[in-house]
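See structure below.
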Amino acid sequence: MNVDPNLTKYMIKAKIATDGVVEKPDVVGAIFGQTEGLLGDELDLRDLQKSGKIGRIEVEIDSKKGRTEGFALIPSGLDQVESSILAAALETIDRIGPCKAKVEIENIEDVRIQKRHKIVERAEALYKKMSESGKSVSESIVNSVREEVEKGEIISYGEERLPAGPAIKDSDSIIVVEGRSDVLNLLRYGIKNTIAVQGTNIPKTVQKLSKERTVTVFLDGDRGGDLILKEMLQVAEIDFVSRAPPGTEVEELTYKQIVKALRYKTPVEQYLSMRGMSEELKELVQKNATESGKNGKKQPDMPVDEPKPDRRDRQEERREQRREERKEEREPEPEPQKVEVEDVPGFVDLQNPKAIEKKGTILNESKLTEVYGEDGKAIATLSISETVEKIPEIKDGKAIITGGVISQRLIDTAFQAGIKNIYGAKMGHVTKKPAEVRVVSWEHHMQA
């Protein structure tokens with residue numbers, strides 16, 4: 001039903017019932033005729049309609065079996081009290097046309113509330129649409145920036161111009177993967193000492209690097225990974241093997257899967273033995289024995305399924321040769337079984353003060369705090385401003401490295417959470433410290 005656009009506030013809905021058959025003009029006439037003079041000049045319907053305070057009266061009725069029923073809608077621009085009085089006056093109508101009638105007010109509806117509901121519903125729909133659009137745009141921007149950064153970091157290395165991470169030039173250990181997308185995925189998580197072989201035909205650049213560096217081959221979890229390993233064993237020197245979960249590729253792995261695979265990398269001889277690759281293992285042992293013989297070393301007889309004992313010696317010889325060529329001092333290499341810092345981000349050797357200070361400098365620049373477990377693995381990364389608030393929610397924390405100030409509140413909160421080692425850029429105003437808590441500030445080179 002159409003409503004007069006000039007109505008401003010309320011809609012009076014009157015239910016109508018008559019004993020006989022009547023038409024719409026009869027209803028309208030009864031409303032004007034039987035209320036005339038009833039409420040005085042101020043509320044006379046005709047005057048109110050002329051002044052625009054009452055809109056056009058709409059009537060909807062239907063006649064069946066000698067009776068007529070329906071309703072009338074009267075738009076009102078009057079206030080609540082006046083609209084209520086006018087509605088009550090309609091119930092005094094007892095005849096419509098020639099028939100007895102009964103008029104009952106069903107309700108007086110505030111039209112503005114209806115409009116508000118429509119406004120709210122429409123606003124919600126528009127907001128959701130805008131949010132979804134904004135979110136997609138935001139994600140697109142983030143992904144675009146990330147891709148550009150990754151593309152900017154990836155380099156072309158060697159005469160074959162192989163895709164590689166920027167640390168491939170100087171790193172003592174390298175990670176060999178299959179393709180460019182694998183390098184990009186590792187770059188995304190901060191692992192930069194990678195190089196791709198671009199297929200099963202191992203490039204000369206990788207063959208040469210394998211003789212100079214500690215090599216970890218990071219394989220896809222499919223048959224292609226086995227083929228690359230077999231080719232590498234024939235033409236290059238491999239120290240460790242890491243493998244993606246079965247049926248997955250390195251380019252698909254999450255940060256957690258990458259860290260786990262690299263952390264539990266396996267010495268190549270042990271890997272071949274575990275995989276039942278006896279022929280490859282035999283060839284590898286013979287190859288190592290031949291190389292040892294050329295170097296004037298006598299290789300004792302040993303079973304095929306055991307690792308070669310002098311492999312670490314050969315690695316040390318290669319490292320010593322590189323040190324002499326570069327004429328610069330280097331830190332001693334860690335044990336091969338340990339994952340190096342440049343291999344996996346998010347780990348700190350908590351026994352190494354220099355490693356802690358280096359991590360603290362990075363956190364100071366990024367305004368962050370990290371909480372570590374016993375194994376030196378980061379279990380939480382927090383902004384400096386929320387550190388004290390969030391620490392009680394962290395379980396199994398054993399050490400904190402913060403890029404901010406070590407405050408009394410930080411010490412108290414960490415102690416209550418069971419954290420006994422706190423390292424920070426600066427020492428704040430600390431008045432008391434539990435005896436079992438170790439607090440170190442590297443900027444002032446003193447221990448509280």
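Some notes on this structure:
- Cβ-Cβ FRET estimate between Val21 and Thr248, R0 fixed at 51 Å, reported to 0.05: 0.05
- With a cut-off of 15 Å between beta carbons, the residues surrounding Gly40 carry a summed charge of -4, where Lys and Arg count +1 and Asp and Glu -1.
- Hydrodynamic radius by Kirkwood, which averages 1/r over all alpha carbon pairs of the stretch 216-267, in angstrom: 11.1
- Were the residues from Leu227 through Tyr189 laid out at 0.36 nm apart, the gain over their Cα-Cα distance would be 11.0 nm.
- Hypothetical label at Glu104: residues of the stretch 26-69 whose amide nitrogen lies under 20 Å (7 Å Cα-Cβ projection): 27, 31, 59-69
- Cα gyration tensor shape for the stretch 353-447, rounded if a/c is under 1.5, else prolate or oblate: rounded
- Subset of Lys211/Lys377; Lys65/Lys100; Lys208/Lys287; Lys15/Lys65; Lys24/Lys118 violating a 23 Å alpha-carbon distance limit: Lys211/Lys377; Lys24/Lys118
- Overall Cα dimensions of the stretch 33-98 - principal axes, largest extent first, Å: 40, 20, 19
- Two-site FRET efficiency, Ser366 against Gln114, from Cβ-Cβ distance with R₀ of 56 Å, rounded to 0.05: 0.60
- Cβ-based exposure ranking for Asp182, Asp239, Asp170, in which fewest neighbours within 10 Å come first: Asp170, Asp239, Asp182
- Cβ-derived FRET efficiency at R0 56 Å, Glu124 paired with Lys398, nearest 0.05: 0.75
- Antiparallel content of DSSP bridges confined to the stretch 157-259, in %, to 5: 15
Each reported figure results from applying straightforward, stated rules to the coordinates on display, with no laboratory input. No experiment lies behind these values; they were computed from the predicted model shown. Cβ sites come from the backbone with ideal geometry, for glycine too, and all protein chains shown count toward neighbours.
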